[in-house]
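The values are calculated or read from the model by the stated rules, or taken from the named source; none is laboratory data. As the structure is a computational prediction, the values presented were derived from the model and not from experiment. Quick reminder, even Gly has a Cβ in these numbers, built from the backbone with ideal geometry, and neighbours come from all protein chains shown.
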């Protein structure tokens, strides 16, 4: 693919510092556009931003390398599919009020003195703001984002799980990570997953499933955090049945038939009141 004449002329006339600044700004705008719409054709980006197809691919390759977007067959995506999970940046922006409510409700299972696994999900991340009120605690996580949130909390012992780093989720996973987990025993695990189908929890990434399963097997109590959107998605790799969790915390927007069905199977379903999300926001 050849660079166009306008691209070459622009590169000659603009100082390198200015070109770099424009490139950064353009990539930010591309990221925001894709995240806002979920999926876009790459050709649409060339029209929208007045750039060549070569420049569009170069920008997207950088954004893909940073784990922000996915690119395949002329399509760029931020939204999850049954095979690919979205980046943590995209997920953090979705169902944020519901996630705050669920995280606040999850705190009823946290007691001072516990050792707790926290996964890399953006829902579990919302629990960080509440943890200072529950210290002393030992927090164990594979999430680099959560490590950075927790490392300044007094009387909280932070155990960071290493291994192979994955940009798209800003977390460590793989054999080294699961080996570390297998040598630990925690009181409670808090986790979230991509999809719930037939009352089974699924995820697109087999590495993610293996890592979270290791946490699951090393914990005495397992709490699933699941906003209502999880029931409308599909993913490839099965993780666990809902009946294997000690509690499943959902938000008020979860369909009543889902709640009734789960409770009919003996699942301990807790509905997080929306008012808690508002209270949490006022405390910030």
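A few remarks follow.
- One residue stands out in the range 228-250 among those that are modelled with pLDDT under 95 and surrounded by 23 or more Cβ atoms within 10 Å (Cβ to Cβ): the one that is farthest from residue 117 (Cα to Cα), namely 235.
- Residue in the range 201-219 that is buried (at least 21 other Cβ atoms within 10 Å of the Cβ), in the same structural domain as residue 243 (by TED's automatic domain parsing) and assigned to a loop (DSSP other than H, G, I, E, B) present: yes
- Residue 75 being modelled with pLDDT of 80 or more and crowded, with 24+ Cβ neighbours inside 10 Å: no
- Matching residues, the range 220-248, being under 18 Å from the mean Cα position of the chain (by Cα) and assigned to a helix (DSSP H, G or I): 228, 229, 230, 231, 232
- Out of 164, 152, 95, 108, sole residue that is within 18 Å of residue 191 (Cα to Cα) and modelled with pLDDT under 95: 95
- Qualifying helices (runs of 4 or more DSSP H) (wholly inside the range 88-198; at least 1 residues being farther than 20 Å from residue 242 by Cα, without any contact (Cβ under 8 Å) to a residue 60 or more places away in the chain and in contact with a strand residue (DSSP E or B) (Cβ under 8 Å, 6 or more places away or on another chain)): 122-125, 144-150, 175-182
- Any hit, the range 138-145, residues being crowded, with 18+ Cβ neighbours inside 10 Å, under 17 Å from residue 249 (Cα atoms) and not assigned by TED's automatic domain parsing to the domain that holds residue 37: no
- Looking across 29, 60, one residue alone is buried (at least 20 other Cβ atoms within 10 Å of the Cβ), modelled with pLDDT of 70 or more and in a helix (DSSP H, G or I). It is 60.
- Restricting 191, 184 to residues that are assigned by TED's automatic domain parsing to the domain that holds residue 147, modelled with pLDDT of 95 or more, within 21 Å of residue 128 (Cβ to Cβ) and more than 20 Å from the chain's Cα centre (by Cα) narrows the list to 184.
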